[in-house]
Amino acid sequence: MDRMVTLAHKFLEEVLSYGDTAVDLTAGGGWDTLFLAERTGVRGRVFAFDIQSAAIARTHSLLAAKGVNAVSLRGTEAGLTDGGVFLVNDDHQKIRSYVQEKVQGAIANLGYLPGGDKSILTGAETTLSCLRDTLSLLAPGGRMAVIAYVGHGGGPREAEAVSSFFEELPSTRWGTMKVAMMNRKAAPILLIAEKV
Ligand SMILES: C[S@@+](CC[C@H](N)C(=O)[O-])C[C@H]1O[C@@H](n2cnc3c(N)ncnc32)[C@H](O)[C@@H]1O
């Protein structure tokens, strides 16, 4: 059975094309950023956020090893004309300060950096604030995928908060979906929102 991350990529792959703009809200080890960069190509733009410089450094190294160029972005993207991967070492709640264009696909792989500092992790309130802002940037037909983990302290509360948020999105404007393992209660869940 596919892992939730693989499933998330499949759902995003269906709506991402060469030249699109995509966002990774939690760059971490860089695997989701790499996936988005490969789908959107050299003409596309990928904005990858992480609050930890160690994660941004890991993402940068992974991309470099795979032959993908990335640059650090320290302020608003106004005036950006080129494609590329833009690494943002900042809180994803500030997404609107960096991204002002329509986004076709976004991913948030929540929790902490595997092998990193487990005290730096996403939380229910900050995650909801960033997801709200990300949805406001989605283009019609665009999708946002969220992978929420229930195996750590604040995980169940965060997963519950994100599930409720997706449940309450108006069906006239959003299609939402939840994927969960029925016989493994501690497995991560995947939530998808698609803008009608
Ligand atoms: C599970 S990891 C992401 C995995 C990653 N997408 C990958 O492909 O390897 C979660 C990341 O979220 C980051 N994070 C936690 N809170 C954040 C925040 N408020 N803004 C941005 N990043 C945050 C952590 O630093 C951590 O690197």
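The values are calculated or read from the model by the stated rules, or taken from the named source; none is laboratory data. Just so it is clear, the model here is predicted, and its values are computed rather than measured. Because the Cβ atoms are built from the backbone with ideal geometry, glycine has one as well, and the counts that use them run over all protein chains shown.
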inquiry  = For residue 71, only one of the following conditions fails: (1) of a type outside the set (Ser, Thr, Tyr); (2) free of Cβ contacts under 8 Å to residues at least 24 places away in the same chain; (3) buried (at least 19 other Cβ atoms within 10 Å of the Cβ). What is its number?
reply    = (3)
task = Test each condition in (1) in contact (Cβ under 8 Å) with a residue 24 or more places away in the chain; (2) among the hydrophobic types (A, V, I, L, M, F, W, C); (3) within 14 Å of the ligand (Cβ to nearest atom); (4) part of a helix (DSSP H, G or I) for residue 22 and report the one that comes out false.
result = (4)
query = Of the residues that sit in the stretch 25-36 and are touching a residue at least 60 places away in the same chain (Cβ under 8 Å) and in a loop (DSSP other than H, G, I, E, B), which one is surrounded by the fewest Cβ atoms within 10 Å (Cβ to Cβ)?
reply = 29
inquiry  = Condition (residue is over 12 Å from the mean Cα position of the chain (by Cα), over 18 Å from residue 106 (Cα atoms) and of a type outside the set (S, T, N, Q)) applied to the stretch 38-54: is it met by at least one residue?
reply    = yes
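Taking residue 186, is it surrounded by fewer than 18 Cβ atoms within 10 Å (Cβ to Cβ), part of a loop (DSSP other than H, G, I, E, B) and aliphatic (A, V, I, L, M)?
Values: surrounded by fewer than 18 Cβ atoms within 10 Å (Cβ to Cβ): yes; part of a loop (DSSP other than H, G, I, E, B): yes; aliphatic (A, V, I, L, M): yes.
It is true that residue 186 is surrounded by fewer than 18 Cβ atoms within 10 Å (Cβ to Cβ), part of a loop (DSSP other than H, G, I, E, B) and aliphatic (A, V, I, L, M).
Taking the options 91, 20, 50, name whichever one is modelled with pLDDT of 95 or more and buried (at least 23 other Cβ atoms within 10 Å of the Cβ).
50
Output the residue which, of all residues in the stretch 57-94 that are assigned to a helix (DSSP H, G or I) and within 9 Å of the ligand (Cβ to nearest atom), is farthest from residue 117 (Cα to Cα).
In the first step, residues of the stretch 57-94 are kept if they are assigned to a helix (DSSP H, G or I); the result is 57-65, 92-94.
Checking which are within 9 Å of the ligand (Cβ to nearest atom) leaves us with 58-59, 62, 92-94.
Details: 58: 13, 59: 16, 62: 19, 92: 18, 93: 20, 94: 22 Å.
Once the filter is applied, the top-ranked residue is 94.
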key: Residue under evaluation residue 47, criteria (1) touching a strand residue (DSSP E or B) at 6+ places or on another chain (Cβ under 7 Å); (2) without any contact (Cβ under 8 Å) to a residue 12 or more places away in the chain; (3) of a type in the set (A, V, I, L, M, F, W, C), criterion not met   = (2)
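Quick check on the stretch 95-106: of everything there that is of a type outside the set (Ser, Thr, Tyr) and within 12 Å of the ligand (Cβ to nearest atom), which residue is farthest from residue 191 (Cα to Cα)?
Only one residue fits best here, namely 95.
Could you go through the stretch 130-142 and let me know if any residue there is of a type in the set (Ser, Thr, Tyr) and touching a residue at least 60 places away in the same chain (Cβ under 8 Å). Let's see the steps before the verdict.
So in the stretch 130-142, the residues of a type in the set (Ser, Thr, Tyr) come out as 134, 136.
Of the ones still in play, those that are also touching a residue at least 60 places away in the same chain (Cβ under 8 Å) are 134.
Yes, the stretch 130-142 contains a residue that is of a type in the set (Ser, Thr, Tyr) and touching a residue at least 60 places away in the same chain (Cβ under 8 Å).
So if I check each of 116, 105, which one is of a type outside the set (Val, Ile, Thr), in a loop (DSSP other than H, G, I, E, B) and in contact (Cβ under 8 Å) with a residue 40 or more places away in the chain? Step through it out loud before you land on a result.
Working: 105 fails: in a loop (DSSP other than H, G, I, E, B).
Result: 116 is the single residue among 116, 105 that is of a type outside the set (Val, Ile, Thr), in a loop (DSSP other than H, G, I, E, B) and in contact (Cβ under 8 Å) with a residue 40 or more places away in the chain.
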query = Considering only the stretch 111-137, how many residues are surrounded by 14 or more Cβ atoms within 10 Å (Cβ to Cβ), within 6 Å of the ligand (Cβ to nearest atom) and more than 16 Å from residue 191 (Cβ to Cβ)?
reply = 4
